[in-house]
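Structure record follows, encoded as structure tokens.
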Amino acid sequence: MSLHQISSFAAGAWIAPGNGARTIASAITGAPFATAGNAALDVQSMLDFARSTGGPALRKLTFHDRARMLKALAQELSAHKQALYDLSFETGATQKDHLIDIDGGIGTMFVFASKGRREMPDSQVYLDGDAEQLSRNGTFLGQHICTPLLGVAVHINAFNFPVWGMLEKLAPTLLAGVPAIVKPATNSCYVTELAVRIMLDSGILPAGALQLVSGGLGDMLDHLGCQDVVSFTGSADTALKLRKTPAILQNSVRFVAEQDSLNASILGPDAVPGTPEFDLFVKEVTREMTTKAGQKCTAIRRIIAPEAQVNAVIDALSARLAKITIGDPRAETTRMGALVSKGQKADVLEKAALIGQEAERVFGNPDAFDLQGPETGAFVPPMLFHCANPDTALRIHDTEAFGPVSTLMGYRDLNHAVALANRGQGSLVTSLITHDTNVARDVVMGTAAYNGRIYINDRDSMAESTGHGSPLPHMIHGGPGRAGGGEEMGGVRGVKHYMQRTAIQGSPRILTEISSNWVPGAPEIKGPAHPFTRKFGELSIGETLHTASRTISLADIEHFANFTGDTFYAHMDEDAAARNPFFPGRVAHGYLLLSFAAGLFVEPNEGPVLANTGLDGLRFMKPVVAGDSIKVRLTVKKKTLRNDEYGEVRWHVTLTNQDDELVAEYELLTMNAC
Ligand code: NDP
């Protein structure tokens, strides 16, 4: 059978394998399956194409345009899922593993698409925090903004998640407005190549937004500059080698790394056999050891249990692991497939042997196990070790056997458990199974500084929990120290890795123009008619309505109190109110003021304002007493188009009294027809 030719996509053209191509073997049979790589790949023209064609095209779009693009890409990939599944078996992955890699990757893209629309503006500038008042009279302000880097993101991915590994980096990069060059690990690059073909063939992306290197990266990293980013997942050795590239050091190229991690799972002292937590722990550990045959950066490598429960944990885990059928991932009965390659198998066995110098293997013999598949594939059984002296041991805390290998160790008390977990010297995730809130708090305070994520599970959350090993697009993924010191995803946080944060200082007028967000002090615009009669598209940022004033009487306050039932003493009892340090005597209800404000600014007739959808940042600054009068200023602060029919208008609202003193301030949200 001829080998699959896995191409690169460079500067707008597919480049077939050529000189220096590597052969890739099937994980299931060990037979040659594909070939990838071409030493003649012109990496400089790829970088140029991304920087001069892809970047400008992406930056012309708003965050919402790019979010819509991500959604369309995710839909396109979804429509071709079966082809990706079919190919992915060859990496040794089971159908269940595909759900994590392929469906998980597509789901991640959908989440970024939705966050882009909901949490980012329909413009090219992302505001990081509120405007800062830098001057006494408010004529000079500050605002942090984020804008896309003007370079290219080079994504170097690991072999274990050929689709998710690409998409979890690609989604935030494209949303930021930065083009990407993806370099998957050669061992599984054929699955990534198909996913890239599906995306490119869809025509959704502008030219230059996405390129692919199948095989070696050549000297691409030597040509990176200060506007570029490298985002890497893989081994600590490769990360160290690549981050020392002179061009990366000299040009302060951002280098985000996610690498080996000796993640731990702690069984709480309360979670004794017979509790739902004990069973949950055994289930989670088994799943983490066997999913993707343990080739997961977040897998549980160290199992930390109370000394008194060590034997019970060994028995329960061994019983569960014994039920794992190992073999051809295409077979429906198979629970665990193969490692990605024979090279990885040799590496895992070598690392397991190192761990075996300090710990006893209590389950799984790689030389004798029940294999339901071709013997030539990269299969190993799950291997459970028990280390009796975890304090003096070294390898169990620093050696990542990237397969179904985990080491159990006992702890004396919770401080000891925390100390053992932290011996990993920085992890992507630590999990804790406990129903005891004190245990949860102590473990979090003891281990959080060493972890990117802490996953706590118990009987209350287990039915809906997402799993120790699942990085989620909403939450950050990455960890300190040995885990690489990087951070990815975490919603909009992940998008910011591909943008520059800049502190902009200037007058309110200038800041309003740059941010498309009206700030107090900027010029007000007088519209041709009441703003509630104007459609979404007709309203300008800064368009302002000043209302007439209304005097508040004691009868108003009493009527409101009796009508609503809010007869709080500050509104009803003169003496009691006067004893309160905040009030001069009886005062108007804050909600009365808001209601009167609405009465002053609304236009009652049917019109383009469809609904009042919220109110943010309400502050009452000065009490209002009977006899005071209030008036309202209503200004269009920000506009966000939701669809072809309507958009959200954020209004800045101030209430002032007869002396022009600020009484209340808030932001009002309305949905307006286009
Ligand atoms: P590597 O670190 O060898 O490779 C990771 C990526 O880096 C691959 O895309 C690889 O490409 C690329 N790469 C390697 N050398 C260079 C180079 N000189 N220039 C540019 N790119 C380069 O990891 P593997 O994927 O081979 O896995 C090896 C080990 O790494 C595993 O056994 C495991 O211990 C660890 N690992 C840890 C992960 C984690 O997240 N914790 C994830 C995956 C692996 P190519 O494949 O073409 O060499």
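The values are calculated or read from the model by the stated rules, or taken from the named source; none is laboratory data. What you see is a predicted model; the values in this text were computed from it and never measured. All Cβ positions, glycine included, derive from the backbone under ideal geometry; neighbour counts span all protein chains shown.
Report every pair of residues separated by at least 6 positions or lying on different chains whose Cβ atoms are under 9 Å apart, first residue within segment 291-306 and on the phi > 0 side of the Ramachandran plot, second of a type in the set (S, T, N, Q) and away from the ligand (no atom under 12 Å from the Cβ).
Close Cβ pairs satisfying both conditions: Lys292/Thr94; Ala293/Thr94; Gly294/Ser406.
If Val272 satisfies all but one of (1) assigned to a strand (DSSP E or B); (2) among the β-branched types (Val, Ile, Thr); (3) surrounded by fewer than 18 Cβ atoms within 10 Å (Cβ to Cβ), what's the number of the condition it fails?
(1) is the only condition that Val272 fails.
Just to be sure I understand the filter: pairs with C-beta atoms under 6 Å, separated by 6 or more residues or on different chains, first member in segment 618-632 and in contact (Cβ under 8 Å) with a residue 24 or more places away in the chain, second member assigned to a loop (DSSP other than H, G, I, E, B) and not hydrophobic (A, V, I, L, M, F, W, C). Which pairs pass?
Close Cβ pairs (under 6 Å, with a partner that is assigned to a loop (DSSP other than H, G, I, E, B) and not hydrophobic (A, V, I, L, M, F, W, C)) amount to Lys622/Glu661; Ala626/Ser553; Ser629/Ser549; Ser629/Gln658; Lys631/Thr547; Lys631/Ser549; Val632/Thr547.
Please go through segment 220-235 and give me each residue that is within 9 Å of the ligand (Cβ to nearest atom) and in a loop (DSSP other than H, G, I, E, B), ordered by number.
So in segment 220-235, the residues within 9 Å of the ligand (Cβ to nearest atom) come out as 220-221, 232-235.
Passing the criteria: Gly234, Ser235.
Could you please give the count of residues in segment 156-189 that are assigned to a helix (DSSP H, G or I) and either within 15 Å of the ligand (Cβ to nearest atom) or over 23 Å from the mean Cα position of the chain (by Cα) (or both)? Step through it out loud before you land on a result.
Initial filter on segment 156-189 (assigned to a helix (DSSP H, G or I)): 164-176, 186-189.
Now drop any that are not either within 15 Å of the ligand (Cβ to nearest atom) or over 23 Å from the mean Cα position of the chain (by Cα) (or both), which leaves 164-166, 168-170, 186-189.
The number of residues fulfilling the criteria is 10.
So Gly373 clears everything in (1) at pLDDT 95 or above; (2) touching a strand residue (DSSP E or B) at 6+ places or on another chain (Cβ under 9 Å) except one condition, right? Which one?
So Gly373 meets the others, but not (1).
For segment 82-93, how many residues meet the condition of being assigned to a helix (DSSP H, G or I) and either in contact with a helix residue (DSSP H, G or I) (Cβ under 6 Å, 6 or more places away or on another chain) or buried (at least 19 other Cβ atoms within 10 Å of the Cβ) (or both)?
Step one: of segment 82-93, the residues assigned to a helix (DSSP H, G or I) are 82-91.
If we keep only those that are either in contact with a helix residue (DSSP H, G or I) (Cβ under 6 Å, 6 or more places away or on another chain) or buried (at least 19 other Cβ atoms within 10 Å of the Cβ) (or both) as well, we get 84-85, 87-91.
Result for segment 82-93: 7.
For the structure I just gave you, tell me whether Gln227 is modelled with pLDDT of 95 or more, polar (S, T, N, Q), surrounded by 24 or more Cβ atoms within 10 Å (Cβ to Cβ) and on the phi < 0 side of the Ramachandran plot. Steps first, please.
On the way: modelled with pLDDT of 95 or more: yes; polar (S, T, N, Q): yes; surrounded by 24 or more Cβ atoms within 10 Å (Cβ to Cβ): no; on the phi < 0 side of the Ramachandran plot: yes.
When the stated conditions are applied, Gln227 does not pass them.
Being within 22 Å of the chain's Cα centre (by Cα) and within 13 Å of the ligand (Cβ to nearest atom) is the filter here; which residues of segment 245-270 pass it?
Passing the criteria: Phe255, Val256, Ala257, Glu258, Gln259, Asp260, Ser261, Leu262, Asn263.
Please identify the pairs in which a residue from segment 545-561 that is surrounded by 14 or more Cβ atoms within 10 Å (Cβ to Cβ) has its Cβ atom under 7 Å from the Cβ atom of a residue that is acidic (Asp, Glu) and outside any strand (DSSP E or B), counting only partners at least 6 apart or on another chain.
Ile552/Asp628
Among the residues of segment 451-483, which ones are in a loop (DSSP other than H, G, I, E, B), surrounded by 21 or more Cβ atoms within 10 Å (Cβ to Cβ) and touching a Lys or Arg at 6+ places or on another chain (Cβ under 9 Å)? Outline the logic, then answer.
Initially, segment 451-483 is screened for residues in a loop (DSSP other than H, G, I, E, B), giving 458-475, 478-480.
Filter once more, keeping what is surrounded by 21 or more Cβ atoms within 10 Å (Cβ to Cβ): 458, 468-469, 471, 473, 478-479.
His468, Gly469, Pro471, Pro473, Gly478, Gly479, listed by residue number.
Quick check, is Gln75 assigned to a strand (DSSP E or B) and more than 15 Å from the ligand (Cβ to nearest atom)? Steps first, answer last, please.
Working: assigned to a strand (DSSP E or B): no; more than 15 Å from the ligand (Cβ to nearest atom): yes.
In short, no.
Test each condition in (1) touching a Pro at 6+ places or on another chain (Cβ under 7 Å); (2) within 16 Å of the ligand (Cβ to nearest atom); (3) not aromatic (Phe, Trp, Tyr) for Gly54 and report the one that comes out false.
Looking at each condition in turn, Gly54 falls short on (2).
Evaluate the following for Thr192: is it under 26 Å from the mean Cα position of the chain (by Cα), within 14 Å of the ligand (Cβ to nearest atom) and free of Cβ contacts under 8 Å to residues at least 60 places away in the same chain? I'd like the intermediate steps shown before the answer.
On the way: under 26 Å from the mean Cα position of the chain (by Cα): yes; within 14 Å of the ligand (Cβ to nearest atom): yes; free of Cβ contacts under 8 Å to residues at least 60 places away in the same chain: yes.
When the stated conditions are applied, Thr192 passes them.
Can you name the residue in segment 277-329 that is within 16 Å of the ligand (Cβ to nearest atom) and basic (Lys, Arg) and is also nearest to Leu339 (Cα to Cα) among such residues? So that I can check it myself, show each step before the final result.
First, the residues of segment 277-329 that are within 16 Å of the ligand (Cβ to nearest atom): 288-289, 291-302.
Add one more test, that the residue is basic (Lys, Arg), and what stays is 292, 296, 301-302.
Details: Lys292: 8, Lys296: 11, Arg301: 16, Arg302: 20 Å.
Within segment 277-329, the match that is nearest to Leu339 (Cα to Cα) is Lys292.
What number of residues within segment 495-532 are closer than 26 Å to Gly647 by Cα and either touching a Leu at 6+ places or on another chain (Cβ under 9 Å) or surrounded by fewer than 20 Cβ atoms within 10 Å (Cβ to Cβ) (or both)? Steps first, answer last, please.
In the first step, residues of segment 495-532 are kept if they are closer than 26 Å to Gly647 by Cα; the result is 495-496, 508-532.
From what's left, either touching a Leu at 6+ places or on another chain (Cβ under 9 Å) or surrounded by fewer than 20 Cβ atoms within 10 Å (Cβ to Cβ) (or both): 495-496, 508-511, 513-517, 519-532.
Residues meeting the conditions: 25.
Checking the structure you have, find out if any residue of segment 432-446 is closer than 17 Å to Gly479 by Cα and either hydroxyl-bearing (Ser, Thr, Tyr) or in contact with a His (Cβ under 7 Å, 6 or more places away or on another chain) (or both).
no
Quick grid of which residues meet (1) surrounded by 22 or more Cβ atoms within 10 Å (Cβ to Cβ); (2) part of a helix (DSSP H, G or I):
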| position | (1), (2) |
| --- | --- |
| Asp237 | no, yes |
| Ala247 | no, yes |
| Met289 | yes, yes |
| Ala299 | yes, no |
| Ala338 | yes, no |
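So which strands (runs of 3 or more DSSP E) stay within segment 585-667 end to end and still have 3 or more residues that are buried (at least 18 other Cβ atoms within 10 Å of the Cβ)?
629-641, 646-657
Here is a list: Leu242, Leu212. Which entry is aliphatic (A, V, I, L, M) and more than 8 Å from the ligand (Cβ to nearest atom)?
Leu212
In segment 66-95, which residues are in contact (Cβ under 8 Å) with a residue 24 or more places away in the chain and closer than 22 Å to Ala25 by Cα?
Taking segment 66-95 as the starting set, the residues that turn out to be in contact (Cβ under 8 Å) with a residue 24 or more places away in the chain are 66-74, 76-78, 80-81, 83-84, 87-95.
Correct list: Ala83, Leu84, Leu87, Ser88, Phe89, Glu90, Thr91, Gly92, Ala93, Thr94, Gln95.
Looking at Gly343, Gly356, Gly327, can you tell me which residue is surrounded by fewer than 24 Cβ atoms within 10 Å (Cβ to Cβ) and under 30 Å from Gly268 (Cβ atoms)?
Only one candidate qualifies: Gly356.
Out of all the residues in segment 380-400, which are among the hydrophobic types (A, V, I, L, M, F, W, C) and either away from the ligand (no atom under 16 Å from the Cβ) or within 12 Å of Ala264 (Cα to Cα) (or both)?
Looking only at segment 380-400, we keep the residues that are among the hydrophobic types (A, V, I, L, M, F, W, C), and these are 380, 383-385, 387-388, 393-394, 396.
Correct list: Leu384, Phe385, Cys387, Ala388, Ala393, Leu394, Ile396.
Taking only pairs six or more apart or across chains, which ones have beta-carbon atoms under 6 Å, a first residue in segment 441-463 that is among the hydrophobic types (A, V, I, L, M, F, W, C), and a second residue that is surrounded by 21 or more Cβ atoms within 10 Å (Cβ to Cβ)?
Between residues of segment 441-463 that are among the hydrophobic types (A, V, I, L, M, F, W, C) and residues that are surrounded by 21 or more Cβ atoms within 10 Å (Cβ to Cβ), the close pairs are Val443/Leu432; Ile454/Thr430; Ile456/Leu432.
Looking at (1) surrounded by fewer than 17 Cβ atoms within 10 Å (Cβ to Cβ); (2) in contact with a Gly (Cβ under 8 Å, 6 or more places away or on another chain); (3) touching a residue at least 60 places away in the same chain (Cβ under 8 Å), which is the one condition that is false for Ala40?
Going through the list (1) surrounded by fewer than 17 Cβ atoms within 10 Å (Cβ to Cβ); (2) in contact with a Gly (Cβ under 8 Å, 6 or more places away or on another chain); (3) touching a residue at least 60 places away in the same chain (Cβ under 8 Å), Ala40 breaks only (3).
Of everything in segment 401-425 that's among the small types (Gly, Ala, Ser) and farther than 25 Å from Leu339 by Cβ, which residue is nearest to the ligand (Cβ to nearest atom)?
Pass one, segment 401-425, residues among the small types (Gly, Ala, Ser): 401, 403, 406, 410, 417, 419, 421, 424.
Within this subset, residues satisfying the condition of being farther than 25 Å from Leu339 by Cβ are 410, 417, 419, 421.
On the way: Gly410: 26, Ala417: 23, Ala419: 23, Ala421: 17 Å.
This residue is Ala421.
Taking the conditions exactly as written (part of a helix (DSSP H, G or I) and within 24 Å of the chain's Cα centre (by Cα)), does Ala448 satisfy them or not?
Working: part of a helix (DSSP H, G or I): yes; within 24 Å of the chain's Cα centre (by Cα): yes.
It is true that Ala448 is part of a helix (DSSP H, G or I) and within 24 Å of the chain's Cα centre (by Cα).
Need the failing condition index for Thr94 against (1) within 15 Å of Thr334 (Cα to Cα); (2) modelled with pLDDT of 95 or more; (3) not aliphatic (A, V, I, L, M), just the number.
(2)
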